[in-house]
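The values are calculated or read from the model by the stated rules, or taken from the named source; none is laboratory data. Computed from a predicted model, the values in this text were never measured in an experiment. FYI the Cβ positions are ideal-geometry reconstructions off the backbone, even for glycines, and counts take in every protein chain you see. Side chains are part of the model used for accessible areas, which takes the heavy atoms of the whole protein and leaves out ligands, DNA and RNA. Shrake-Rupley method; radii C 1.70, N 1.55, O 1.52, S 1.80 Å.
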Amino acid sequence: MADTGSTRDLDRESAAGSGWTVDVARPVDRDSVVELRRLSMPRSEYFTFHDLARLDWNEDDERSSVIVVRDPQGVLQSTLRLSVFDAVADLERAVECSFEGIPVELPVLSLSRAATRPGSMSRGLMAWLRFYYLSVVRELPVRSVVGVVFEGAPRARSMESAGYAFFRPPRNWDSEVEAYVNVQVVLLASRDFDRAIEMTRRMIGPDSDRRFDFAGLHRALRTMLDSVCASGRGPAPPDP
């Protein structure tokens, strides 16, 4: 399923001021995450979303890590779901497209449910979330990061600027949206993590006024890796 988040993280405008935080959503945040997803679902030139009820918190969210940006008042302004897969077949079922011919390395981190509050779309918050998850996964045995986006959309252009490679999937059966443009798979191999982090850092500028809960996300993703790999080929590899 293509990521339908409407984000304009090409913009360099800062999420200005102290007190902004980036961390893992807590159980108390679930309703706010769903509200944010629904608010960010625009009438888009790229797609039509079939059923907003599918944005509700579900078992996929429970198995994943949902990360968020909070403003100084604690209001969620941006969110992204991170899922780990250790089998291409499981990844294909989740994102509803074929990865045949696309060089995905396992374990893989999959991005979905990107959403930014309409009033914050020019603040580059999705780039802050990208900086957050990449800074953590480079310390874990994750071999690649993938997402599915709409060709020409602002988020796709921003990810291209950060160094993601783009592929046209041979098949796509997205049940959530009717797409008006081509769907693309974005892929970042682990060898390119450091470069992407530095390129994203340049987009977002100094980070002295933000607080990132790197330890919290590391614990969450490490737990996901152990769980996913234990149900597949065996224990997850150790951290690099």
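Some values worked out for this structure:
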| item | result |
| --- | --- |
| Global geometry of segment 93-183, whether rounded, prolate or oblate, following the gyration tensor of its Cα atoms and the 1.5 cut on a/c | oblate |
| Inter-probe distance in nm under a simple model that places probes 7 Å from Cα toward Cβ, at Glu35 and Arg54 | 2.5 nm |
| About the Cα centre, charge dipole magnitude for the chain (Lys/Arg +1, Asp/Glu -1 at Cβ), debye | 500 debye |
| Phi-based couplings in Hz for segment 48-62 (Karplus 6.51, -1.76, 1.60; Gly and Pro marked x) | 10, 8, 6, 8, 5, 4, 6, 7, 5, 4, 9, 5, 5, 5, 5 |
| Low-density loop cleavage sites - trypsin sites (Lys or Arg not before Pro) in segment 27-77, where at most 14 other Cβ are within 10 Å (DSSP) | Arg43, Arg63 |
| Heavy-atom accessible surface of segment 80-158: percent carbon and sulfur, 1.4 Å | 47 percent |
| Leading residue at positive end of dipole, the chain (Cβ point charges), from Ser110, Leu217, Val228 | Leu217 |
| Sparsely packed chymotrypsin sites (Phe, Trp or Tyr not before Pro) within segment 137-169, loop by DSSP, other Cβ within 10 Å at most 14 | none |
| Surface accessible to a 1.4 Å probe, per residue, for the residues of segment 62-174, Å² | 32 Å² |
| Residues of segment 116-138 with amide N under 16 Å of the 7 Å Cα→Cβ point at Arg191 | none |
